[in-house]
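One structure is given here, and the rest of the page talks about it.
The values are calculated or read from the model by the stated rules, or taken from the named source; none is laboratory data. Everything quoted here is computed from the prediction, not taken from an experiment. Methodologically, a virtual Cβ is constructed for each residue, glycine included, from the backbone with ideal geometry; neighbour enumeration extends over all protein chains shown. Just the protein is used for accessible areas: all its heavy atoms, side chains included, with ligands, DNA and RNA removed. Shrake-Rupley method; radii C 1.70, N 1.55, O 1.52, S 1.80 Å.
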Amino acid sequence: MKKLLLLSIVTLVGITFLGRVIYLQVILSDTLQMEAENNAITTIYDYPERGFIYDRNGKLMVANQVAYDVMVIPRETGDVDINKLAELLKIDESRLEKKLKDARTWSAVQASVVVPQLTQIEYAPLQEQLRKFPGFYIQRRSLRKYMVDHSASVLGYIREVNQNSIKNDDYYVQGDLAGKSGIELQYEEELRGVKGYKKYTRDHYGRAIESYKNGSSDKAPIAGTDLTITLDKELQEYAEKLMINKRGGVVAIEPQTGEILTLVTAPNYDPSLLMGRDRSKNINAILRDTVRLPDVNRVLQGQYAPGSPFKVINALVALQEGVVTPQEHFSCNNGYNYGGKKPLGCHSHASPLAMNKGIAESCNAYFAQVYRRIIENEKDPAKGMDIWHDHVTSFGLGDFLGYDLPVGQPGRIPDGDYYTSRYRYKWYAPATISNAIGQGEVAVTPIQLANMTAAIANRGYFYRPHIIKEIKGTPIDILKYTEKNYTTIEAKHFKPVVEGMNEVYRSGTAKYVQIPGIEICGKTGTVENFTKVNGERKQLTDHSVFIAFAPKDDPKIAVAVFIENGYWGSRYAAKIASLLIEKHLKGVITRTDLENYLLTHSLEYEYVKKLSKAPFKVNEAIDQGLITLEKEKKLRKLVDSLHPNTLY
């Protein structure tokens, strides 16, 4: 028994020693080797070039440039001469100390960025001097180089990733850059490429001295994918030019594809301001500008009452529901008395009038009566409102639309439940009469207006608006952007509405902005504009709105223009739309009178009325030439004094 016990003990000890040897030599060896390599080897990432961005015609809009980051591995720094290093890096000592503290907090053994995005000129004097500071090294990376000075809200920008990005995507490490808005964000995975790396052995100071294993462990970076977007660079530049000193949005869509030809929000800024060492200061200045709101994409995020362009939708719904015919006439006596506190007003024009002239003259009384028939076609107005709602939303209104840009708003198209919950008493069609003329509870974004216009141009269907055209030369084949989305309106009902929109240019509210040789269909709009000043509701200058498509019978472009405080539809918005159509279809501008007006007139004075208490008629005086250019410059100084340090 003792022999058996002794044998068991010896066997157990032997197995234990053997297991330990196996653990050390086989299982732990990889871990020990990894730790040894971490101590003796440093890995420096080789960042790929981001993909280039081209416009629809192959013109380069966004490229790359070389930049250099100063990196630090805190554990290897030793005693740092903060004064000398700050002088070398040309930053404040306190800022450098904070950077080093943040780096140690993040990781003692992983590299962090100390000074990002140095240019070639800034990097040159550091190249040799930085070797005197153990733990510091230079990391080469590729930064954006914008070939245009506009379109920042569409193109987007790149910025250092935050902790959430690092946590949610193991591609990123501290100090990496990624798309933060626009196309750069939406197509980040395609644009960023794949990082490479190089391994080096290092000395006891932590300095890289030679390639590890002759580079056999290195990995070359893979460049990001080039994108071709749907924007027309020249049309985009022209739209930006026309929007100087104005606020609002311009968007043009190719009806046959849903491709976005131009998308301009104003005011905008030069995208290159968000690159380089001053980017943080510039970003903060833009975000702090709560007067102009340049960081808001008004085309995608601005929710406005659509005004009179919405009347064409009510006409289509009425035709579909069979409550009106194109030939039926309605009277207008400078307005329509629907039983409210005051009649719904209208301007002077011939009366009575049928649908063609009702659209051309933008008659409020005509469309109020048409709208009532739609809602009152059912005994229960809530049910009538639901039917109206379903038709209207089939045009993409009240919806995010599903376009491929990362921001947006749904707008609002009310239904029966909306009013039932809003009113405590039994309500009827007159309580919602403002919907007849695109005011009241209806709210849309400019891109929804453009998409609605494209659906009318196509006589009943649309493709989802999108900004991507090709990815690395391969056309998009995503069903989402290539399938037709049909409205609930039969194709036969579009003809009289299209004729009415054409009459807007021939004899109606846009007759003075015709373009020779192009048959355009459009609709003007004047939208009431209210704000609160010291808690009191105050009416400001109306918004100017316009939708259009052309040519009439083979549409190549659909446009929506929304100009805040632009007075009436034909004063600003219609001029801009007509010029963009001519630019796109002809390539040249013949209506230089319209162009000169837009380039020499400013609306900045309108935008400071609630801040400066400027008289309501100031801008009218400028328009009529009653205020000289010198006086206008003085007024502009007033504008600038109310929101200084702007960057655009």
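If we count every other residue with Cβ under 9 angstrom of Ile413's Cβ, Lys/Arg +1 and Asp/Glu -1, where does the sum land?
-2
Before rounding to the nearest 500, sum -39500 (n - 2.57) across all DSSP H runs of length at least 4 in the chain and divide by the residue total; then give [θ] at 222 nm in deg cm²/dmol.
Mean residue ellipticity at 222 nm (helix-derived): -10000 deg cm²/dmol.
Net charge within 11 Å of Lys219 by Cβ-Cβ distance, Lys/Arg positive one each and Asp/Glu negative one each, not counting Lys219 itself?
Details: positive: Lys195, Lys198, Lys199; negative: Asp46, Asp218.
Summing Lys/Arg as +1 and Asp/Glu as -1 gives +1.
Near Lys311, which aspartates and glutamates are there with a Cα under 13 Å away, not counting those fewer than 8 places off in the same chain?
Glu361
Given just the C-alpha atoms of region 47-125, how large is their convex hull per residue in cubic angstrom?
127
Which aspartates and glutamates does Lys213 reach when only Cα atoms under 20 Å apart count, and residues fewer than 8 places away in its own chain are ignored?
Excluding near neighbours in sequence, the set is Asp30, Glu35, Glu37, Asp46, Asp203.
Per residue, how much accessible surface does region 448-500 expose to a 1.4 Å probe? Answer in Å², no decimals.
In whole numbers, region 448-500 has 44 Å² accessible per residue.
Can you pull the percent of region 57-116's accessible area that's carbon plus sulfur, 1.4 Å probe, other chains left in place?
46
Which of these values of Cα extents along the principal axes in Å was calculated from the structure shown: (1) 78, 65, 53; (2) 79, 54, 49; (3) 117, 78, 50?
Comparing each candidate, only (3) matches the computed number.
Is the shape of region 556-600 rounded, prolate or oblate, going by the alpha carbon gyration tensor and its root eigenvalues a ≥ b ≥ c, with a/c under 1.5 for rounded and a/b larger than b/c for prolate?
On the way: a/c = 2.93, a/b = 1.33, b/c = 2.21.
Taking the square roots of the gyration eigenvalues as a ≥ b ≥ c, region 556-600 is oblate.
Return one number: the angle in degrees, 0 to 90 and rounded to the nearest 10, between the long axis of the Cα atoms of helix 446-457 and the longest principal axis of the Cα atoms of the chain.
The helix 446-457 is inclined about 60 degrees to the chain.
With Rg and the Kirkwood Rh both taken from Cα atoms, where does Rg over Rh land for region 38-189?
Here Rg/Rh amounts to 1.00.
Would you mind checking the tilt of helix 573-586 against the longest principal axis of the Cα atoms of the chain, expressed as 0 to 90 degrees and rounded to 10?
Here the helix axis deviates by roughly 70 degrees.
Among the listed pairs Lys379/Lys556; Lys538/Lys583; Lys98/Lys241; Lys180/Lys609; Lys357/Lys609; Lys233/Lys281, give every one whose C-alpha distance is greater than 31 Å.
On the way: Lys379/Lys556 42 Å; Lys538/Lys583 38 Å; Lys98/Lys241 43 Å; Lys180/Lys609 34 Å; Lys357/Lys609 36 Å; Lys233/Lys281 28 Å.
Over 31 Å apart, Cα to Cα: Lys379/Lys556; Lys538/Lys583; Lys98/Lys241; Lys180/Lys609; Lys357/Lys609.
Would you mind checking Lys246/Lys523; Lys59/Lys195; Lys90/Lys246 for any pair whose Cα atoms are more than 31 angstrom apart?
Correct reply: Lys90/Lys246.
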